[in-house]
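Reading through the structure tokens given below for one structure.
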Amino acid sequence: MDWFENGLGLSLIVFLPAIGAVVLLAIPKAQEAALKWVALLVSLVSLALSIVMAVRFDYSSAGTYQFGTAIDTKWIEAINAHFHIAVDGISLPLVVLSTLITALVIIYSWNHWPEPHNPKLLLVFVLVLATGMTGTFVALDLVLFFLFFEIVLLPMYFMIGIWGDRGIREVPIFGWKLEMRLYASLKFFVFTLFGSAFMLLSFLALYFKSGEFLGERTFSIIQLAELGAAGRFVGTFAFLVFLGMFLGFAVKVPMWPVHTWLPDAHTAAPTIGSVILAAILLKLGTYGFVRILLPVLPNEAVRWAPFIGLLAVIGIIYGSLACLAQTDMKRLIAYSSVGHMGFVMLGIATLTDVGINAAIIGMVAHGLITGLLFFIAGSMSHRYHTRDMRRLGGNMVLMPKMGVLLGIAAMASLGLPALAGFWGEFMALMSSFNPLEAIGATGTFRGFMVVGAVGTVLTAGYMLFMLRNVNFGEPSEEWSDHEFHDVETTEWIAWAPLLIGTLAIGVFPKIVFGATNDAVIGLVEKAFGG
Amino acid sequence: MLTLDYHALLPELIVAGTVLVTLVVDIVTRRKHLVAIIGVLGLFAAAVPILTLSFCGSLDFCSSTEASRVMFGGAYVIDGYALVLKGVFIFAGFVALLLSIGYLESDRYYEGEYYFLLVASVLGGMAMASSRDFVSMIVALELVSGPAFMLAGWRKGDARSNEASLKFFITGVIALALTLFGVSLLYGLTGTQQFDQIAVLSETVADVPLFTLAVIFIVLGFGFKVSAVPFHFWTPDTYQGAPPPVTAWLSVGSKGAGFVALLTVCYLALPAATDVWGPLIWIVAALSMTVGNVVALKQTNVMRLLGYSSIAQAGFMLAPFGAVAASGAGDLARPFQATITYFVIYAVMNLGAFGTAIIIGQRVGSYELEDWGGLSKYATGVALSLAVFFMSLAGVPPLAGWFAKFAMFRATIGVGNWWGYSIAIVAAVNAVIAFVYYAKVMKSAFFDDVPEGIDVDVAMSDAIPAPIGLAVGLAVVGVFLFGVLPGLAANVGNFSTDLLGTLGL
């Protein structure tokens, strides 16, 4: 299996979906079966390869990059940009998660095509997204990272815009009235583009600065991290670079106060769009923090950690309170992401190995759980033709299996022990009791811990509030003469892996920690001197 | 004794020959498409010596040395920079011809002269790229513009087309007058027309106020040609009124000639005056990006939108110029490369955008955005191609435009002072604004429903004319190729400056 180890395997995982997308373009629109099977096959092969990779991964040296291409594969020679991809313990779980979600999304779509019916285009977009997502998690060159980071925008933009919610929304301030999908798609794109434009400027600044120390300018994340660990990037320069990157990643996460695109985008997107957005795309931002910002600019990270922590806890509280005010089920789940990503960011802000481990397991858990929640919400609104929780109710009577699944997912989301969501929240709070000493703000972080703990109570509050409104009680008159199909086969197939994953990680978190722990410890030691 | 390097001049000779042959053929035959075919073949043939010249070092028969590529006492030079730009002009002329064939055949206009003028304009661009003194440069520049004035007014019966031509003509003449005035001042001060000599001599007169005035006049004159704000007023009207294939040529060929003039003059002739043209162009670039983009937000006509978009794109291309403002002559190579890289990519994607717009315009019968609603529902392929070009113009990876912006950012940041950083920030904000109006086109084509009054069956009744299809296909390939392997474009940019090194840049 040499071919697999030396980068070809990983390249296949990343690029197979893109090749699949090209193949799909060549298949006539009318041959839906062929389109579906090709897309499914491609995504399953990519998933299988990533599982093979996870099995063959050398967990005893999880901190080193594996399955990578050679470091000197030139890509754009003129700017010394390399095609360098590899996985370590931090990226491995996220790669597997992305390939898994891609496959599940295609399975779920099998007979849940959103209107307007156009499977060909939708599948092409899903596959392009897959390449962008996995690519971002494995890129070790800033230009390559930027490229993958941006590739996901366009398909998601079209997904929201074409298949999105056609409800009318009034734009605040301007007072224009336009369809939800149009508003949300544009907002999503503009916010992200705004952040990433400045992120690119920061990358370039690093590139030029690196030339002063290395003799040759580089975009290599590894080399830049070494320079960062050696304390090369200081002063106003480091601050400006930090600011640019922070903007780029914070919008993507999204952190309060640049989160406002999220509720709109998640609510307006078609079901599979919401699932991909919540499960993977948000992680590109947090991954950027862990992979690039912390190692390359450790000093700035230490300096601004309390600030990041503050925004994180504001996000937790704000997200939870916003959830309590929602009447739209999907919008509630969307806002819950703001809160959950707040916990992830709180963990990262502590700059400790516990905190970053918490962040990664939090990312994986959020991917599984919120993915499942959006799937269920999508299926329910498909059946009820509404997401208004004031009209729903008695779901346990009408669709008992769906109700149970919703219950489990909600419980996992509120952080019930023995389910995946618990570890991320618990450990994030635990780590903020003892943040990195160098930050010199232990008291502040303990304050964050208390506020975060209040946040978990609020989270429990809104999830239970949702369950009460949707699942329990008597079904209203409205639904008396409706016939509801409970969970279908394709739904079972698409949801089972998420359920199993949630349970498995909840009971046995070592599935994730086994990969991440060494890598995270290595990262923290290198950047912050242990 | 004047010896000519015929190999080096072969591209121009071939195109000049083509110009004459088209004129003759047009007189002797009624089958006007023959004229077009000759034009296409002529341009195709001219590309061959460009390739042999580019790879001259590795070819056996190519015996001449580097030095003999300089002709007429240094007034006419064939180097990497010139070759790259000649290649771009030929490509642009080729695409514009292909677009015209499909367009003209569907309407009844005078055909023969049209191709004659277009090829003549291409010849001007090619000569432009090699000009290294003011006389040949201005002659070349006017050879580009002269035919373009007439082409813009080709639809005689259409008032808008007449307006387009007239506005273009008047501003063009004013620009020429400004430039000539500046050039005459410069000649009075230095006693020479040739760029490399001016570069040397101008250091002694750099403190003379008249020199500053001369530089300002020259830059302003070229500002009209590249349609930079505040010299852009003619652009939207001309773009909207001229026949679309002509607009495609104007936005790449004519504008490109202006850029080439600006690049060569600023970098080769006036490195001593960066403190004059640098800040000036900084302001013009920032204004072009901002005004172009903000005004484009309000446009409802695709041709007008592309007009404002091309103003904004000119701003992006000028940004590296502005960034070198305070950095002196030492760092000129990188901004130079960035502008060339940007221009090469811009040429491909903008021609593609016009090509696609023409296809849609012919089918829908309008260039109003609201009539383009729901395009993806009945013409998915065309809609996707529209997405490819417009998103590339917006700079979304993996389409070529991202690397153009990337190269621009790299050059501006790389200057390493606040002139550079500030324009990079202005450009970053503008990249976001620009996306909004490119997205507006996407919204019409993909998100909206088919409007009433558009008969899908009628719109789809004709096949896409083969020449237009070929042109758009070429551009699609180019956009993906440059986007995924941007090294190609960067190499082209570098190639152009590697050889410039011999000129003492």
Review point. Has the stretch B:280-292 got at least one residue that is closer than 25 Å to B:Phe149 by Cα and open to solvent by less than 10 Å² (accessible area, probe 1.4 Å)?
Key: yes
Practice item. Report yes if some residue within the stretch A:68-75 is within 14 Å of chain B (Cβ to nearest Cβ), in contact with a strand residue (DSSP E or B) (Cβ under 8 Å, 6 or more places away or on another chain) and more than 30 Å from A:Ile356 (Cβ to Cβ); otherwise report no. Key: yes
Review point. Could we say that A:Leu147 is under 23 Å from A:Thr490 (Cα atoms) and assigned to a helix (DSSP H, G or I) here?
Key: no
Review point. For residues in the stretch A:157-188 being of a type in the set (Asp, Glu) and without any contact (Cβ under 8 Å) to a residue 60 or more places away in the chain, which is farthest from the other protein chains (Cβ to nearest Cβ)?
Key: A:Glu170
Practice item. For residues that are at the interface with another protein chain (Cβ under 8 Å from one of its Cβ atoms) and outside any helix (DSSP H, G or I), scanning just the stretch B:390-421, find the one that is farthest from the chain's Cα centre (by Cα). Key: B:Gly416
Practice item. Working carefully through the options A:Gly473, A:Gly443, find the one that is open to solvent by less than 70 Å² (accessible area, probe 1.4 Å), over 22 Å from the mean Cα position of the chain (by Cα), over 28 Å from A:Ile106 (Cβ atoms) and touching a residue at least 40 places away in the same chain (Cβ under 8 Å). Key: A:Gly473
Practice item. Kindly check whether there is at least one residue in the stretch A:157-165 that is more than 24 Å from B:Lys405 (Cβ to Cβ), at pLDDT below 85 and surrounded by fewer than 24 Cβ atoms within 10 Å (Cβ to Cβ). Key: yes
Check your understanding: Of all residues in the stretch B:366-389, how many are within 11 Å of another protein chain (Cβ to nearest Cβ) and either of a type in the set (Phe, Trp, Tyr) or assigned to a loop (DSSP other than H, G, I, E, B) (or both)?
Key -> 1
Point to revise | Scope the stretch A:388-412; condition closer than 18 Å to A:Thr327 by Cβ, in contact (Cβ under 8 Å) with a residue 60 or more places away in the chain and either in a helix (DSSP H, G or I) or open to solvent by 10 Å² or more (accessible area, probe 1.4 Å) (or both); matching residues | key: A:Asp388, A:Arg390, A:Arg391, A:Leu392, A:Asn395, A:Leu406
**Study point:** Subset of the stretch A:189-214 [among the aromatic types (Phe, Trp, Tyr) and either under 29 Å from the mean Cα position of the chain (by Cα) or facing chain B (nearest Cβ under 9 Å) (or both)]
**Key:** A:Phe189, A:Phe191, A:Phe194, A:Phe198, A:Phe203, A:Tyr207, A:Phe208
Review point. Picking from A:Val138, A:Val143, which residue would you name as being more than 10 Å from chain B (Cβ to nearest Cβ), among the aliphatic types (A, V, I, L, M) and in contact (Cβ under 8 Å) with a residue 60 or more places away in the chain?
Key: A:Val138
Review point. Which of (1) within 28 Å of the chain's Cα centre (by Cα); (2) over 30 Å from B:Leu151 (Cβ atoms) is the odd one out, the single condition B:Gly191 does not satisfy?
Key: (1)
**Study point:** Filtered residue count, the stretch A:488-517, keeping only those that are open to solvent by 70 Å² or more (accessible area, probe 1.4 Å) and assigned to a helix (DSSP H, G or I)
**Key:** 8
Exercise for review: Of the conditions (1) more than 20 Å from A:Val251 (Cα to Cα); (2) open to solvent by 40 Å² or more (accessible area, probe 1.4 Å); (3) touching a residue at least 24 places away in the same chain (Cβ under 8 Å), A:Leu214 clears all except one; give me its number.
Suggested key: (3)
Practice item. Consider A:Phe191 carefully, then state whether it is touching a residue at least 60 places away in the same chain (Cβ under 8 Å) and buried (at least 21 other Cβ atoms within 10 Å of the Cβ). Key: yes
Point to revise | Of all residues in the stretch A:12-36 being part of a helix (DSSP H, G or I) and β-branched (Val, Ile, Thr), the one that is farthest from the chain's Cα centre (by Cα) | key: A:Val23
**Study point:** Number of positions in the stretch B:239-273 that are hydrophobic (A, V, I, L, M, F, W, C) and open to solvent by 10 Å² or more (accessible area, probe 1.4 Å)
**Key:** 2
Review point. Which one of the conditions (1) open to solvent by 10 Å² or more (accessible area, probe 1.4 Å); (2) within 18 Å of the chain's Cα centre (by Cα); (3) away from chain B (no Cβ under 14 Å) does A:Leu247 fail to meet, given that it meets all the rest?
Key: (3)
Practice item. Check the stretch A:215-235 and report whether any residue there is in a helix (DSSP H, G or I) and within 14 Å of chain B (Cβ to nearest Cβ). Key: no
Check your understanding: Out of (1) within 8 Å of chain A (Cβ to nearest Cβ); (2) under 24 Å from the mean Cα position of the chain (by Cα); (3) β-branched (Val, Ile, Thr), what's the single condition that is false for B:Ile433?
Key -> (1)
Point to revise | Long-range neighbours under 6 Å by Cβ, at least six apart or interchain, first residue outside any helix (DSSP H, G or I) within the stretch B:115-144, second buried (at least 22 other Cβ atoms within 10 Å of the Cβ) | key: B:Ser131/B:Met137; B:Ser131/B:Ala140; B:Arg132/B:Val77; B:Arg132/B:Phe195
Point to revise | Odd one out for A:Pro119 among (1) surrounded by fewer than 23 Cβ atoms within 10 Å (Cβ to Cβ); (2) in contact with an Asp or Glu (Cβ under 7 Å, 6 or more places away or on another chain); (3) modelled with pLDDT of 85 or more; (4) farther than 30 Å from A:Leu49 by Cα | key: (4)
Check your understanding: Pick from the stretch B:420-438 the residues that are among the aliphatic types (A, V, I, L, M) and free of Cβ contacts under 8 Å to residues at least 24 places away in the same chain: which of them is most open to solvent (accessible area, probe 1.4 Å)?
Key -> B:Ile425
Check your understanding: Which of the residues spanning the stretch B:194-207 are out of contact with any Pro (no Cβ under 8 Å at 6 or more places or on another chain) and open to solvent by less than 50 Å² (accessible area, probe 1.4 Å)?
Key -> B:Gln194, B:Phe195, B:Ile198, B:Ser202, B:Val205, B:Ala206
Review point. For the stretch A:106-132, how many residues meet the condition of being touching a residue at least 40 places away in the same chain (Cβ under 8 Å) and not in a helix (DSSP H, G or I)?
Key: 7
Review point. Which residue pairs have Cβ atoms under 8 Å apart, sit 6 or more places apart or on different chains, and have a first residue in the stretch A:480-503 that is more than 17 Å from A:Ala365 (Cα to Cα) and a second that is β-branched (Val, Ile, Thr) and crowded, with 17+ Cβ neighbours inside 10 Å?
Key: A:Thr490/A:Ile107; A:Ile493/A:Ile107
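The values are calculated or read from the model by the stated rules, or taken from the named source; none is laboratory data. Please read all numbers here as calculations on a predicted model, not as lab measurements. All Cβ positions, even for glycine, are placed from backbone atoms using ideal geometry, and neighbour counts span all protein chains on display. Note: accessible area is taken over every heavy atom of the protein model, side chains too, but ligands, DNA and RNA are not part of it. Shrake-Rupley method; radii C 1.70, N 1.55, O 1.52, S 1.80 Å.
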